[in-house]
Amino acid sequence: MAHPKVEGREWVTELERPVIFAANHSSHADTSLILHALSDRARDRTVVAAAADYWFKRPLLGNLVSLFLNTFPFSRTGGAQAQLNASSRLLKSGWNLVLFPEGSRSPDGRIQEFKPGVGHLANETGTPVVPLHIRGAYQIMPRGQKIPLPGPARVRIGKPMSPQAKEGSREFTARVEKAVRALAAEPRQPDIQGGWIERWRATKPREPEYSDD
């Protein structure tokens, strides 16, 4: 699986407090792509919500994904208050949370409607939400695909956002979803990749061109 192109990493390079990363979800490749996109400092303090009924049904699989992807079990079938309490404890302990507000992988790669849990958690804990959009993961590893396929991927990180005064959980969730959709469509100047030589070459003035006339 190719390393993703990352845009907007400046929004999470120097996080001063825990945040909730809210991303679209179309593939099992999403988690590793998100973690790769984060700065080392942010990645070291980030845990990923993983469906308890899928990843933790078998203890060995649950232990493996927890070890390699820093996941924690998240119920999709009930116990909303218990999930809120567990997530709140992680945030208060200084951990960033990766949530997939769609609830499950998109069947066709398109963004599905967000569930209000992310807005409720942000409202209850006062935690900013960082919108993320992942492109290419569905082509790399769609539903039913067991082994990742080679292909390009891009992770675009948006500006952190917080609930406004008297903004309800559903309203804020809708605004987060809108931000993720905007990241999917918004054109952006490509970030300069590579070391200092590549950056210098990309930013140095071009030589003037003269015609033969």
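The values are calculated or read from the model by the stated rules, or taken from the named source; none is laboratory data. Computed from a prediction, not measured in an experiment: that's the story for all the values here. Because the Cβ atoms are built from the backbone with ideal geometry, glycine has one as well, and the counts that use them run over all protein chains shown.
Laid out as a table, the results:
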read-out	value
Answer from GLU177, GLU171 - the residue that is of a type outside the set (A, V, I, L, M), farther than 19 Å from PHE100 by Cβ, out of contact with any His (no Cβ under 9 Å at 6 or more places or on another chain) and outside any loop (DSSP other than H, G, I, E, B)	GLU171
Within the stretch 1-26, tally of residues that are buried (at least 18 other Cβ atoms within 10 Å of the Cβ), at pLDDT 90 or above and of a type outside the set (A, V, I, L, M, F, W, C)	6
Matching residues in the stretch 108-135 - criterion: being touching a Ser or Thr at 6+ places or on another chain (Cβ under 9 Å) and part of a loop (DSSP other than H, G, I, E, B)	ASP108, GLY109, ARG110, ILE111, GLN112, PHE114, LYS115, PRO116, GLY126, THR127, PRO128
Candidate set: the stretch 136-158, residues that are among the small types (Gly, Ala, Ser) and in a loop (DSSP other than H, G, I, E, B); chosen: the one nearest to the chain's Cα centre (by Cα)	GLY158
Contacts under 8 angstrom Cβ, first residue in the stretch 112-126 being under 15 Å from ASN96 (Cβ atoms), partner surrounded by fewer than 19 Cβ atoms within 10 Å (Cβ to Cβ) and of a type in the set (D, E, K, R), 6 or more apart	THR125/LYS92
Residue within the stretch 151-165 that is more than 23 Å from LEU15 (Cα to Cα), among the charged types (D, E, K, R) and either surrounded by fewer than 17 Cβ atoms within 10 Å (Cβ to Cβ) or modelled with pLDDT under 95 (or both) present	no
